[in-house]
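S.K.: Take a look at this one; I'll ask things after.
The values are calculated or read from the model by the stated rules, or taken from the named source; none is laboratory data. Owing to the predicted nature of the structure, the values given are computational and were not obtained by experimental measurement. We place every Cβ from the backbone using ideal geometry, glycine too, and count neighbours over all the protein chains shown. With ligands, DNA and RNA removed, areas are computed over all heavy atoms of the protein, side chains included. Shrake-Rupley method; radii C 1.70, N 1.55, O 1.52, S 1.80 Å.
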Amino acid sequence: QVQLVESGGGLVQPGGSLRLSCAGSGFTFSSYAMGWYRQAPGKQRELVARIASSGSTNYADSAKGRFTISRANAKNTVYLQMNSLNPEDTAVYYCKAVRAIVNYWGKGTPVTVSS
C-alpha cells in the first residue's frame with residue numbers, strides 16, 4: 001500500500017521558516033522524482049519544487065532563493081526548507097511521487113503565514 005505522509009506545517013509569522021517532511025512507503029522511493037506542490041484557497045494547485053531521482057532540482061520562481069528541496073533516500077523522505085515566508089505562501093502543501101506515468105499524492109499539510 002503506497003503512502004505519502006506530509007508533516008511540519010503550521011502557523012508561522014511573516015519572515016519565519018518551516019521545514020516540511022514527506023515520508024513515503026510502499027514503493028521504491030529512490031527511483032521516483034519527488035515534488036512539493038501547494039494549493040491556496042480558491043486557487044489551482046501549483047508546483048513549488050521538484051527533485052529528480054538523480055538529485056537535480058528545479059523551483060517555481062516564487063520559491064527560488066527562499067525554499068530548498070532535498071531528499072534522504074535512506075529514510076524514504078523528501079524535505080522542503082522554507083525561509084523568508086510571507087502571507088502569499090499560505091496554502092496546503094502536498095507531496096507527489098512520480099515515475100513515468102505513475103504518480104502518488106499525499107494528503108497535504110497546511111501552512112499559514114500570518115502575524
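S.K.: Taking segment 11-34 only, how many residues are more than 15 Å from residue 100 (Cβ to Cβ), in a loop (DSSP other than H, G, I, E, B) and open to solvent by less than 40 Å² (accessible area, probe 1.4 Å)?
M.R.: The number of residues fulfilling the criteria is 1.
S.K.: Take the residues of segment 37-62 that are in contact with a helix residue (DSSP H, G or I) (Cβ under 9 Å, 6 or more places away or on another chain) and assigned to a loop (DSSP other than H, G, I, E, B): which is nearest to residue 113 (Cα to Cα)?
M.R.: It comes out as 40.
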